[in-house]
Amino acid sequence: MRTRNAPFGFVMSFIPVFPKRWLVLIAVILAFLPVVLDMTILHVAIPTLTQALGATSTEVLWIIDIYPLLMAGLLVPMGTLADRIGNRRILLVGLTVFGFASGLAAFAQSATMLIGARMLLALGGSMIMPCVLGIVRKTFEDEGERAMALGLWSMVGAAGAAIGPLVGGALLERFWWGSVFLINVPVMLAIVPACYLLLPRTETTIPGKWAIGQAILLILGMISVVYAVKAGFGAKQPLAVAALVLAFGLAMLTLFVTQQLRSSDPMLDLSLFSHPAILAGIVMAVLATGALAGVELTLAQELQYVLDKTPLQAGMFMIPIMAASAVGGPVAGYMSNLLGLRLLASLSLVVAAVALGCLASSDFARPGVVVPVLLAVLGLTLSTGLTASSIAIMGSVEASKGGAAGSLEATGYELGTGIGITLFGVFMSSVYGHTMELPPGLEQPLADQAARSIGDTYLVAGQLAEEHGAALIEAGKAAFSATHSVLLSTASILIGLLGVVVFFMLKSYRSKGGAHR
């Protein structure tokens, strides 16, 4: 190990020693907030920017997908780079890149320019996310304080993702579509100086060079695999093309792993995967994030397509799951110290499974008090599970490997959100097509289109006479409600099984520097 030293500067002498670690936490949380906001804030701006830029449907897909695709491939390389040259350096560079890219995106004159700006945003975000977790790991050596710190971090992340569409909608009420990006610029202008002053300049790092060739292999492999899964399952590309891209990605990842095993100075310490707690944390991050994103997506469709609610009414209906997700982090931080991580993680997933099962049989048209309570329980428990995954991962490594471990967890979030939504959508489309009872007399091409999704059902209904269109929509509503129930029931079973698996995987969990829990 080696340590870099530099004077803290005159300003730091005025900051009290005791609360400094909590000031550091505030700084890195504020640095993390724009990244999670950018994951969801764009959704409400898509219709507006599509018309303003004259973007094709393919360009719109790339505008949306390029950010999570690149993030998934860049997070691990950036996390390992941060462990070598310091989280502070990489974080400051990432914040600068993110702020510059936000300004570029706000004033993009074409869809191509916006796609390029989104690529830069992904680069900046991939530097920020693992460094935030790495800094938290290095700043909080006490296991109890670390759990609370990660809980607060998780709360801000969940709240940021939840309010992203609301912030975007509010901006679009008064400003042009670019305002959803431009808002990041003043935020970064405030955060960069704060992080520069507050973050410790004395930092323990891992010796060795950062192998750019190995990083390229990992980036190409991750991006190819994620794209193949999203494009193949999402029917954006022919299966043969998706399979070819998947094979290329797997070959790149295999070559990367081979090089790591042979190298005397590997870029990524593969021994991290020998920790059952880290594996459990990554699996929890992927499945819990995917379940939460998928449930929110399908619930939003149920509310608007089936129950005829406006987007604002749908958003208000979903406030319990959003609000509970935001407080789940601090609750998890407190409860992990009280119950122990193993019991908390498995119990939160089992309770989430029960809530999903109850929602599957609930009547959303007459929610009463039960449905909002179940949504709140679901948001709270899944958010608690995500925080538990952070505690398991970051508590299983030495402080010097915090960046690499944080990047693995952040990759889990990206994979969970991106692939989870894709798989939920494909599953829904399949069940919907088998459940749909089409009215008689509908022409075959229109029947095939109407059975793809409830959105297509509405499009086809608009082409029919009023009476036939109304009958088709009613059939679509019935099919979607049945599909939603099947989806929630399936998710309930998967999350319940995950809770059991996690209980056994965390059997021997012992925090680095902490007690056996």
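The values are calculated or read from the model by the stated rules, or taken from the named source; none is laboratory data. What you see is a predicted model, and the numbers here were worked out from it, not measured in a lab. Please note: Cβ atoms are built from the backbone with ideal geometry, for glycine as well, and neighbour counts cover all protein chains shown. For accessibility, only protein heavy atoms count, side chains too; no ligands or nucleic acids. Shrake-Rupley method; radii C 1.70, N 1.55, O 1.52, S 1.80 Å.
Per residue, how many Å² of accessible area does the stretch 458-503 show with a 1.4 Å probe?
Dividing the accessible area of the stretch 458-503 by its residue count gives 48 Å².
Please arrange His468, His275, His434 by accessible surface area, largest first, computed with a 1.4 Å probe and ligands excluded.
Sorted by accessible area, descending: His434, His468, His275.
Quote the accessible area belonging to Tyr227 in square angstrom, nearest 10, computed with a 1.4 Å probe and with ligands, DNA and RNA left uncounted.
Here the accessible area works out near 50 Å².
Rank Leu253, Leu438 by accessible area, highest first, at a 1.4 Å probe radius?
The ranking, largest first, comes out as Leu438, Leu253.
Taking 7 Å along the Cα-to-C-beta vector as the label spot, tell me the Val426-Ser489 distance in nanometres, rounded to one decimal.
Simple spin-label model gives 2.3 nm for this pair.
Could you compute how much accessible surface Asp456 exposes when probed at 1.4 Å, giving the result in Å² to the nearest 10?
Result for Asp456: roughly 30 Å² accessible.
In square angstrom, rounded to the nearest 10, how much accessible surface does Phe364 have for a 1.4 Å probe?
Roughly 20 Å² of Phe364 is accessible to a 1.4 Å probe.
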